[in-house]
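Visitor: The structure that follows is given in the form of structure tokens.
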Amino acid sequence: MNTTETSRFVRLRVELVLEIDDEEAVTGAALRRIADEGDMPDEERVHAESAVTEDTAEALARLVDPFTLIDEVPGVELLQASWSGEEVDYDPDSPEWDLDEDDDGEPYDDEEGAGGAG
């Protein structure tokens, strides 16, 4: 097989830092999402409701769905995804939060691309 006949697998890493200014709205939306999942077993539903009620980051993770994000991208099939939410101390002036660097601490090269807008 040549490269045009083989599938190309791409790992897309996205890191978002969000500011939650209405925890009740996020939690309420997550609880509604859980309620709308009619095929969820009762034991799992109780656990999910407890998790999103106790932790706003969990509620947000319940609302952000990579499958929905990729669903509208033509020519792409999402095979596997994992995601989670956690509360973090955010300081936009700290070098730790410099989005112009990759995981190795090296600045992104425009040829490789940071891949996003913003």
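The values are calculated or read from the model by the stated rules, or taken from the named source; none is laboratory data. The shown structure was predicted, so the numbers you read here are calculated from the model rather than taken from an experiment. Don't worry about glycine lacking a Cβ; one is built from the backbone with ideal geometry, like all the others, and counts go over all protein chains shown. These area figures cover heavy atoms from the full protein model, side chains too; ligands, DNA and RNA do not enter into them. Shrake-Rupley method; radii C 1.70, N 1.55, O 1.52, S 1.80 Å.
Visitor: Might you let me know whether the stretch 29-41 holds any residue that is under 14 Å from Gly85 (Cα atoms) and in a helix (DSSP H, G or I)?
Guide: So far as the stretch 29-41 goes, yes, one or more of its residues are under 14 Å from Gly85 (Cα atoms) and in a helix (DSSP H, G or I).
Visitor: Here's something else I'd like to know. Just a yes or no: is a residue in the stretch 60-75 touching a Gly at 6+ places or on another chain (Cβ under 8 Å), within 30 Å of Arg8 (Cβ to Cβ) and at pLDDT below 95?
Guide: Yes, there is a match, as at least one residue in the stretch 60-75 is touching a Gly at 6+ places or on another chain (Cβ under 8 Å), within 30 Å of Arg8 (Cβ to Cβ) and at pLDDT below 95.
Visitor: Then there's this: Restricting to the stretch 36-50, what's the tally of residues that are at pLDDT below 95 and among the hydrophobic types (A, V, I, L, M, F, W, C)?
Guide: 1
Visitor: Within the stretch 40-62, is even one residue among the hydrophobic types (A, V, I, L, M, F, W, C), open to solvent by 70 Å² or more (accessible area, probe 1.4 Å) and under 17 Å from the mean Cα position of the chain (by Cα)?
Guide: Checked the stretch 40-62: no residue is among the hydrophobic types (A, V, I, L, M, F, W, C), open to solvent by 70 Å² or more (accessible area, probe 1.4 Å) and under 17 Å from the mean Cα position of the chain (by Cα).
Visitor: Taking the conditions exactly as written (open to solvent by 100 Å² or more (accessible area, probe 1.4 Å), charged (D, E, K, R), modelled with pLDDT under 85 and in a loop (DSSP other than H, G, I, E, B)), does Glu15 satisfy them or not?
Guide: Taking the combined requirement at face value, the residue satisfies it.
Visitor: OK, next. Hey, can you tell me all the residues within the stretch 63-86 that are of a type in the set (Asp, Glu), surrounded by fewer than 10 Cβ atoms within 10 Å (Cβ to Cβ) and either within 18 Å of Ala51 (Cβ to Cβ) or touching a Ser or Thr at 6+ places or on another chain (Cβ under 6 Å) (or both)?
Guide: Glu86
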